[in-house]
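No lab work stands behind these numbers, since they all come straight from the coordinates. Bear in mind the structure is a predicted one, so any value in this text is a computation, not a measurement. Please note: Cβ atoms are built from the backbone with ideal geometry, for glycine as well, and neighbour counts cover all protein chains shown.
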Amino acid sequence: MGYRKLGVRGDHRRALLRNSVTSLLAHERITTTETRAKEIRRMADRMITLGKKGDLHSRRQALAFLTDEDVVRKVFGELAQRYDDRRGGYTRIIKSGFRRGDGAPMAIIELVK
């Protein structure tokens, strides 16, 4: 299937995803558009899977993508333990209506407890 372009250039899309995934893992819940939430889910699940592996190579891969070292520590510590017995599906997307300005469908993406 590939990926969604999100209407921006490649470097902008990568920066948007890096910042959004970092915010999601730090705050455990963010509000964004539905299509962005679906792309964020892919990368967030990948980062948590790296945290569950726990080796040095996985940590370096996470550090290369996430923008905050404290979030990487959280992923490899707290979140890796929380989802140790879970085989995927670490995030939940809840549709939350439409944005007032342009009518874009909005969603809340959060980590499953």
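Checking (i) 0.99; (ii) 1.07; (iii) 0.94 against Cα Rg over 2.2 N^0.38 Å calculated from these atoms, the matching label is (ii). With respect to the chain, whose longest principal axis is taken over its alpha-carbon atoms, helix 56-65 is tilted by about 20°. In the chain, helical runs assigned H by DSSP with n ≥ 4 each contribute -39500 (n - 2.57); averaged across all residues and rounded to the nearest 500, the mean residue ellipticity at 222 nm is -15500 deg cm²/dmol. Segment ALA15..LYS53, full-extension length gain: 11.2 nm, with 0.36 nm per residue of separation and the alpha-carbon distance subtracted. Which is farthest toward the positive dipole end of the chain among VAL75, ILE40, PRO105, measuring Cα position about the Cα centre, with Cβ charges +1 (Lys, Arg) and -1 (Asp, Glu)? After comparing all options, I get PRO105.
Which value, in debye to the nearest 20, describes the size of the charge dipole of the range 29-113 about its Cα centre when Lys and Arg Cβ atoms bear +1, Asp and Glu Cβ atoms bear -1, and nothing else is charged?
Taking the Cα centre of the range 29-113 as origin, the dipole is about 240 debye.
Projecting label points 7 angstrom from Cα along Cα→Cβ for ILE94 and ARG60 puts them 4.0 nm apart.
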